[in-house]
1. How would chain B be classified by its alpha-carbon gyration tensor: rounded, prolate or oblate, with rounded meaning a/c under 1.5 and the a/b versus b/c comparison settling the rest?
2. Taking each residue of A:293-306 in turn, how many C-beta atoms of other protein chains fall within 10 Å of its C-beta, and what is the average?
3. From the gyration tensor of the Cα coordinates in region B:155-261, what semi-axes in whole Å does the equivalent ellipsoid have, largest first, with each one equal to sqrt(5λ)?
4. Once a ≥ b ≥ c are taken as the square roots of the eigenvalues of the Cα gyration tensor of region B:97-159, is the result rounded (a/c under 1.5), prolate (a/b larger than b/c) or oblate (a/b not larger than b/c)?
5. Give the peptides B:44-50, A:315-321 in descending order of average Cβ contacts within 10 Å, highest first.
6. Would you calculate the volume per residue, in Å³, of the smallest convex hull containing every Cα atom of region B:104-223?
7. Please report how far the C-alpha centroid of region B:186-201 lies from that of region A:240-274, rounded to the nearest whole angstrom.
8. Take every residue in peptide A:182-194, count the Cβ atoms of other chains within 10 Å of its Cβ, and give the average of those counts.
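No lab work stands behind these numbers, since they all come straight from the coordinates. This is a predicted model, so every value here is computed, not measured. Here the Cβ is made from the backbone with ideal geometry for all residues, glycine too, and neighbour counts use every protein chain on show.
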């Protein structure tokens, strides 16, 4: 996205523009034939503000005395000799439209993040989301992201990095205090109950509870096999980068036994990512109704455990174990 | 003419049902000798064996008409039938955890090997699977990891079980039990334990357990009392390989792993 900087010609005023994000292109002067113009910001002596030294010079320029004596642009404009505020005609508008092929992108949710665990074979990467509860310490993911299943043990060093993006940890990281899952997963690797809830220590940039820091998803159980969901996760194989959130949207169905199935081609790394009902792209919140578990032969589909009384039982258990 | 068509249709339906019935009754369930058993690779690598990342092993579990495989990263599963002396594994999928490139490649290697219709031969406890290019030698888990004795082993507590749910022992709690003769010693991380142990008929109880507090993290204190409560009353004993499960009558229990000495 290009920042458009309107040229303002007021003697003695210097513009200093901060570009949001890291990928914004330098705005270039352009012809004003259309009535639109943009230009690079300049210092009062006409040098372009495009180096660290120039930025520092602008910052130094604004001494308290200069700021106090700054010209009030609005006052000058409205009290000046400009044209009177007369409407040019009737108000007009053009309506926005959703893409007809479905949303091509969503905002990333800071409530969803990446999980790293130490497994006997090395480091495992999964996805997870903070889950609302009275004590505000829960994170929900897949059972196989916390425990190796039949014959195996719990994984160690579980951390949750909410909103992880391209190496950045916007709100820091949270370390698990204890991990919980269903006995059907830990004793029998039963994928019908491939679900887990981690109880987190205080952490992140505020040294606070995870739900106080990034909010928490709701939880729904016994809502039937056919529901509309948004699936979020960090796929890391088969061409997906692993450091950016991806999403799938669609309606689930009963894949096999007690599992929901959806069209979604996210790859390894997406395990544990939430299947959200009523996902709100503005708040990044919804109701968790499953988690990414596994797939069978078709690389365009995936399965998650159907959330019934088992998830409610696990939720109550984890919340009961949670420190205040 | 319409009558003939209907008869053919009926005949086709009956034939199809018969074939399907045959399939699900025998071959579709995989070899009976393997069903219900779990096999693991051992460390003794030979040249023609499927290459494995150092320190990892392949675990194959055969269930009714399904095989589950693990090779250090994800849980792979596929439908299993047989064709002559070959295993036919189809619709292979797996869990979706991200791992190191080496382990992700190894998952793919094992997946391809299973999909390559390997020949199988069971020689006692040893299962040999071979394709034209590679082979896997596996041993029945029961032989590879014989059941450890209850006594004389330091059992490290890793799991607390309650009502179909389980939780890990919080980091920092070095909790364990060790039974020697008729004595038990142990710790919950916050409390030292000592007392007598009575082992009989697949159950164990710890009458007169004496406890002594020791310094520990504040967050462990509430957790500790739950564990102590579970150690009162008789517990059924189940040992599988290096895992010990102690279960109370109400289903609550503790799970341990044997620490190698």
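1. Verdict is prolate for chain B.
2. Per-residue shielding by partner chains comes out at 3.
3. Taking √(5λ) for each eigenvalue gives 19, 16, 14 Å, largest first.
4. Cα axes put region B:97-159 in the oblate bin.
5. Taking the mean over residues of other Cβ atoms within 10 Å, the ranking is A:315-321, B:44-50.
6. Working: hull volume 23.4 nm³, N = 120.
So the per-residue hull volume is 195 Å³.
7. Result: 45 Å between the Cα centres.
8. Values: counts 3, 10, 3, 2, 8, 7, 2, 6, 0, 4, 0, 2, 2.
Average per residue, whole number: 4.
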